[in-house]
Amino acid sequence: SIMLMAQNACGFREPGALVKGLYLEEHRRCYDEIISYCNELAYNGLLRPMRGKAPADLLFPPMGLCHVEGHSAQNSAGRYNTAEVDAITGWLLHYQAAIVAYYGAKYQAIEDMVGIITPFVAQKAALPAALSKAGFWTGKMKIGTVHALQGAERPVVLFSAVYGPGDVGTMFFVRDNKPNMLNVAVSRAQDHFIVFGNKAILDKNLPSPSGI
């Protein structure tokens with residue numbers, strides 16, 4: 001990593017920073033309610049939210065959870081969750097008109113307004129098939145793992161967690177020591193970050209990405 005090499009070679013460190021180098025402290029993309037999660041998760045409180053709090057008439061909550069009663073399965077491509085694919089497709093069909101009406105003055109189509117992130121390649125493959133069948137132009141919509149939206153932004157970002165109760169092994173994307181993954185995922189959302197997943201995998205008492 002060129003970034004890591006540069007940080008290790010740098011002789012400067014911001015007071016309170018976890019790594020060497022100079023922070024770009026001001027954050028203007030997300031509403032304060034969204035970026036405050038990233039601030040706690042990855043920046044040790046050093047970010048300065050500049051956009052402000054979400055207005056009262058915002059279409060959805062800035063941070064939200066759509067509970068999905070589902071379990072993950074695995075194929076040769078990895079882990080996937082059919083119930084979450086169906087829930088995301090149904091949610092978009094239900095709210096499509098409202099999203100277009102709210103953001104239509106700035107964006108041309110719902111595919112420009114919504115991005116979908118998931119930790120798993122198999123889920124990334126399943127989502128476009130279902131959404132395309134439902135009438136969405138998936139070639140234009142940002143759908144993929146977190147890297148697909150790195151450097152991008154959308155007013156609405158949907159996150160498919162995939163894991164379900166009883167999954168064995170480390171649920172690396174929500175519970176281990178990889179905060180940068182969720183930091184990038186959440187900070188792509190300008191107005192709304194909405195998780196689709198089984199709330200049983202989210203424990204607010206844990207000092208983990210999912211707990212936060």
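The values are calculated or read from the model by the stated rules, or taken from the named source; none is laboratory data. Just so you know, these numbers come straight off a predicted model, no measurement behind them. Cβ atoms come from the backbone with ideal geometry, glycine included; neighbour counts cover every protein chain shown. Accessible surface is based on the protein model in full, side chains and every heavy atom, while ligands, DNA and RNA are left aside. Shrake-Rupley method; radii C 1.70, N 1.55, O 1.52, S 1.80 Å.
Looking at this structure, is Gly64 assigned to a strand (DSSP E or B), within 20 Å of the chain's Cα centre (by Cα) and either acidic (Asp, Glu) or at pLDDT 90 or above (or both)?
Against the criterion (assigned to a strand (DSSP E or B), within 20 Å of the chain's Cα centre (by Cα) and either acidic (Asp, Glu) or at pLDDT 90 or above (or both)), Gly64 qualifies.
Any chance segment 19-30 includes a residue that's within 29 Å of Thr138 (Cα to Cα), open to solvent by 30 Å² or more (accessible area, probe 1.4 Å) and touching a residue at least 24 places away in the same chain (Cβ under 8 Å)?
Yes, segment 19-30 contains a residue that is within 29 Å of Thr138 (Cα to Cα), open to solvent by 30 Å² or more (accessible area, probe 1.4 Å) and touching a residue at least 24 places away in the same chain (Cβ under 8 Å).
Residue by residue, here is whether (1) more than 15 Å from the chain's Cα centre (by Cα); (2) open to solvent by less than 20 Å² (accessible area, probe 1.4 Å); (3) modelled with pLDDT of 90 or more holds:
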site: Lys106; (1), (2), (3): yes, no, yes
site: Ile110; (1), (2), (3): yes, yes, yes
site: Met113; (1), (2), (3): no, yes, yes
site: Leu131; (1), (2), (3): yes, yes, yes
site: Ala134; (1), (2), (3): yes, no, yes
site: Val146; (1), (2), (3): no, yes, no
site: Gln150; (1), (2), (3): no, no, no
site: Val162; (1), (2), (3): no, yes, yes
site: Pro165; (1), (2), (3): yes, no, no
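Restricting to segment 120-143, name every residue that is touching a residue at least 40 places away in the same chain (Cβ under 8 Å), in a helix (DSSP H, G or I) and touching a strand residue (DSSP E or B) at 6+ places or on another chain (Cβ under 9 Å).
Selection gives Val121, Ala122, Gln123, Ala125, Ala126, Leu127, Leu131.
Go through segment 198-212 and give me each residue that's open to solvent by 60 Å² or more (accessible area, probe 1.4 Å) and not in a loop (DSSP other than H, G, I, E, B).
Of everything in segment 198-212, those that are open to solvent by 60 Å² or more (accessible area, probe 1.4 Å) and not in a loop (DSSP other than H, G, I, E, B) turn out to be Lys199, Ala200.
Cβ contacts < 6 Å: first residue at negative phi, restricted to segment 189-212; second residue open to solvent by 10 Å² or more (accessible area, probe 1.4 Å) and among the small types (Gly, Ala, Ser), any location; separation 6+ or different chain. Result?
Pairs found: Ile194/Gly64; Phe196/Ala87; Leu202/Ser210; Asp203/Gly211; Lys204/Gly211.
List the number of the failed condition for Asn81; all other conditions in (1) at pLDDT 95 or above; (2) open to solvent by 60 Å² or more (accessible area, probe 1.4 Å); (3) of a type in the set (S, T, N, Q) hold.
The number of the failed condition is (2).
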